[in-house]
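Reviewing the structure listed below.
The values are calculated or read from the model by the stated rules, or taken from the named source; none is laboratory data. None of the values given here were measured: they were computed from a predicted structure. Neighbour counts are summed over all protein chains in view; Cβ atoms, including those assigned to glycine, are modelled from backbone coordinates with ideal geometry. Calculation scope for accessible area: heavy atoms of the full protein, side chains included, ligands and nucleic acids excluded. Shrake-Rupley method; radii C 1.70, N 1.55, O 1.52, S 1.80 Å.
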Amino acid sequence: QVELVESGGGLVQAGGSLGLSCTASRNTISMTRMSWYRQPPGKRRELVASVFSSGGTSYPDSVKGRFTISRDNAKKTLYLQMTSLKPEDTAVYYCFVQMFGQDYWGQGTQVTVSS
């Protein structure tokens, strides 16, 4: 079992920056994939960024060049640095990890970007 606790959400103006953190209750070295998802109001949850145990990362075109995902296994923490934020980035952001074939989700943190 893994518990994930997100922090860092809040209100920011368009063009601003915000950082999210997700701390796991256990060692993250064995986590094959760690990701951030988001769910905008009235829409489906979507993948925002992933970092793999190899260190590789992937992003959808909607955030590529603006968002940066990273992981610190020593601190058992996943990060998401968001820059050049747009109103359409407004959503609840969820931390996700995959370990030994099991999926785990955080409780979510609200990010609101005002125009």
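Structure above, values below:
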| item | result |
| --- | --- |
| Odd one out for residue 31, checked against (1) farther than 18 Å from residue 112 by Cα; (2) at pLDDT below 95; (3) in contact with a strand residue (DSSP E or B) (Cβ under 6 Å, 6 or more places away or on another chain); (4) open to solvent by 10 Å² or more (accessible area, probe 1.4 Å) | (4) |
| Any chance residue 16 is within 17 Å of residue 113 (Cβ to Cβ) and modelled with pLDDT under 95 | no |
| Identity of the residue in segment 63-90, of a type in the set (Asp, Glu) and surrounded by fewer than 19 Cβ atoms within 10 Å (Cβ to Cβ), that ends up farthest from residue 34 (Cα to Cα) | 88 |
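Conditions (1) assigned to a strand (DSSP E or B); (2) hydrophobic (A, V, I, L, M, F, W, C); (3) under 13 Å from residue 109 (Cα atoms), marked per residue:
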site	(1), (2), (3)
11	yes, yes, yes
38	yes, no, yes
48	yes, yes, no
70	yes, no, no
88	no, no, no
